[in-house]
1. Pick from segment 112-124 the residues that are more than 18 Å from E9 (Cβ to Cβ) and either charged (D, E, K, R) or assigned to a helix (DSSP H, G or I) (or both): which of them is least open to solvent (accessible area, probe 1.4 Å)?
2. Does P95 fit the bill of being closer than 20 Å to K124 by Cα and either in contact with a strand residue (DSSP E or B) (Cβ under 6 Å, 6 or more places away or on another chain) or at pLDDT below 95 (or both)?
3. If L58 passes every condition in (1) touching a Leu at 6+ places or on another chain (Cβ under 7 Å); (2) without any contact (Cβ under 8 Å) to a residue 60 or more places away in the chain; (3) crowded, with 22+ Cβ neighbours inside 10 Å but one, which one does it miss?
4. Inspect all residues belonging to segment 68-78 and state whether any of them is within 26 Å of V113 (Cα to Cα) and within 15 Å of the chain's Cα centre (by Cα).
5. For residues that are part of a strand (DSSP E or B) and over 16 Å from F6 (Cβ atoms), scanning just segment 61-93, find the one that is least open to solvent (accessible area, probe 1.4 Å).
6. Filter segment 1-47 for residues that are assigned to a helix (DSSP H, G or I), open to solvent by 20 Å² or more (accessible area, probe 1.4 Å) and of a type in the set (S, T, N, Q) and give the result.
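The values are calculated or read from the model by the stated rules, or taken from the named source; none is laboratory data. On a predicted model such as this, the values are computed, not experimentally measured, just so you know. A quick note on method: Cβ atoms are made from the backbone with ideal geometry, for glycine too, and the neighbour counts reach across all protein chains shown. Note: accessible area is taken over every heavy atom of the protein model, side chains too, but ligands, DNA and RNA are not part of it. Shrake-Rupley method; radii C 1.70, N 1.55, O 1.52, S 1.80 Å.
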Amino acid sequence: MAYWLFKSEPFKWSWEQQKAKGEEGEEWDGIRNYQARNNMRQMKIGDKAFFYHSNEGLNVVGIAEICRESAPDSTTDDPRWDCVYIKAICDMPNPVSLKEVKANPKLSDMSLVTSMRLSVQPVKENEWIEVCRMGGLDPNSIK
């Protein structure tokens with residue numbers, strides 16, 4: 001299993017909206033960055049992801065799961081752009097702020113710190129475990 005982070009501005013697509021989509025999930029469309037697209041092309045069904053509110057809140061608010069692998073983005077006819085579907089799994093009991101992530105030396109190499117503008121990022125397993133711990137989640141309990 002691999003781990004990821006998806007950034008969304010809550011006024012455009014919030015965690016509450018993501019949760020409302022239920023088991024079918026939602027297409028993570030509109031990505032027009034090659035690195036973010038390439039990250040999505042690596043994703044497999046069942047991979048887990050942090051859902052991060054950017055611009056407003058600046059915190060990890062939930063856990064999502066990849067429920068459909070990379071396919072053409074339905075919002076464009078341009079064949080260069082792909083997307084995945086994600087579904088909400090659970091809330092982060094204690095949202096983890098960007099400030100807390102930056103202050104934690106265990107997370108100094110995390111893409112959220114080093115590649116802050118990238119909207120779809122890889123997360124290393126040790127980073128996944130640490131952010132879950134900070135947010136009050138046992139990473140082994142996430143199904």
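1. By that ranking, first place goes to V113.
2. Criteria met by P95.
3. (3)
4. Within segment 68-78, one or more residues are within 26 Å of V113 (Cα to Cα) and within 15 Å of the chain's Cα centre (by Cα).
5. Of everything passing the filter in segment 61-93, A71 is least open to solvent (accessible area, probe 1.4 Å).
6. Q17, Q35, N38, Q42
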